[in-house]
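S.K.: Dropping the structure in here first, questions after.
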Amino acid sequence: AQSVTQPDIHITVSEGASLELRCNYSYGATPYLFWYVQSPGQGLQLLLKYFSGDTLVQGIKGFEAEFKRSQSSFNLRKPSVHWSDAAEYFCAVVVDYKLSFGAGTTVTVRA
Amino acid sequence: EAGVAQSPRYKIIEKRQSVAFWCNPISGHATLYWYQQILGQGPKLLIQFQNNGVVDDSQLPKDRFSAERLKGVDSTLKIQPAKLEDSAVYLCASSYAQGGELFFGEGSRLTVL
């Protein structure tokens, strides 16, 4: 069965520092991969997606993610974090037309 | 373009009562999803519609949960009777087609006392 694992439950980062959120998936073929962000009291917003092609994907708000087949990973990165990036981040995978989410990583930004 | 609309945003009920949530997807989106998000967890798919037909309801607790999308547009999710463990945010999403990008509503937060 396919699954998405986000190993880090909570990450604290200083404003201006870099951020990397980990995501691992288990699936035999190349999946469709997504990162979503959820601010408090808000719905989920798509940051970026990977279907095929270039393994480095650029998204909104300065985020990027890299698909590494050898490691079954799709880690999300941002070079310099802003206070408004404090939110919960979800990695997700589509298999058989169904979108399955990881448990999420909460990001706290300290001044 | 209007987004996915959901109502009510918040609902508090006592256990064994019933509740209904409404969702209006983005115009033209054929696929509609209901997700349950329990605090501290990722969203879990409850049911997926393609137009007015059910594609997947394998994780819907059918003894108490029901959902319909009669005209292939808006949808209603009902819980009857509610249990304490049903306290969660119920997210509706829509996509133009299966496998396409999902657009989420802001969710309906349910508290069962």
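Read-outs: derived from the displayed coordinates by stated rules, not from any lab. Because the structure is a prediction, the values reported are computed rather than measured. Here the Cβ is made from the backbone with ideal geometry for all residues, glycine too, and neighbour counts use every protein chain on show.
S.K.: So what are chain A's ellipsoid semi-axes, whole angstrom, largest first, if each one is the square root of 5 times an eigenvalue of the alpha-carbon gyration tensor?
M.R.: Values: eigenvalues 106, 41, 30 Å².
One finds semi-axes of 23, 14, 12 Å for chain A.
S.K.: Another question, then. Please list the radius of gyration and Dmax for chain B, considering alpha-carbon atoms only, with Å as the unit.
M.R.: For chain B, the Cα radius of gyration and maximum Cα-Cα distance read 13.1, 38 Å.
S.K.: For the protein assembly as shown, compute the orientation-averaged projected area of the C-alpha convex hull (one quarter of its surface), in nm².
M.R.: 12.6
S.K.: For A:Lys49, list the lysines whose Cα falls under 17 Å from its own Cα; do not include residues on the same chain fewer than 8 positions away.
M.R.: Cα-Cα hits under 17 Å: A:Lys61, A:Lys68, A:Lys78, A:Lys98.
S.K.: Quick check on packing: order B:58-64, A:74-80, B:3-9 by the mean number of other C-beta atoms within 10 Å, highest mean leading.
M.R.: The packing order, highest mean first, is A:74-80, B:3-9, B:58-64.
S.K.: How large is the dipole of the range B:5-112 about the Cα centre if only Lys and Arg carry +1 and Asp and Glu carry -1, each at its Cβ, rounded to the nearest 20 debye?
M.R.: The dipole of the range B:5-112 has a size of about 320 debye.
S.K.: Using the Karplus curve 6.51 cos²θ - 1.76 cosθ + 1.60 with θ = phi - 60°, what ³J(HN,Hα) values do you get for each residue of the range B:48-65, in whole Hz, with x for Gly and Pro?
M.R.: 10, 10, 10, 6, 9, x, 7, 8, 8, 9, 5, 10, 8, x, 5, 6, 9, 9
S.K.: In straight Cα distance, which lysines are under 24 Å from B:Lys83, not counting same-chain residues fewer than 8 positions off?
M.R.: Here the lysines satisfying the reach criterion relative to B:Lys83 are B:Lys11, B:Lys15, B:Lys44, B:Lys62.
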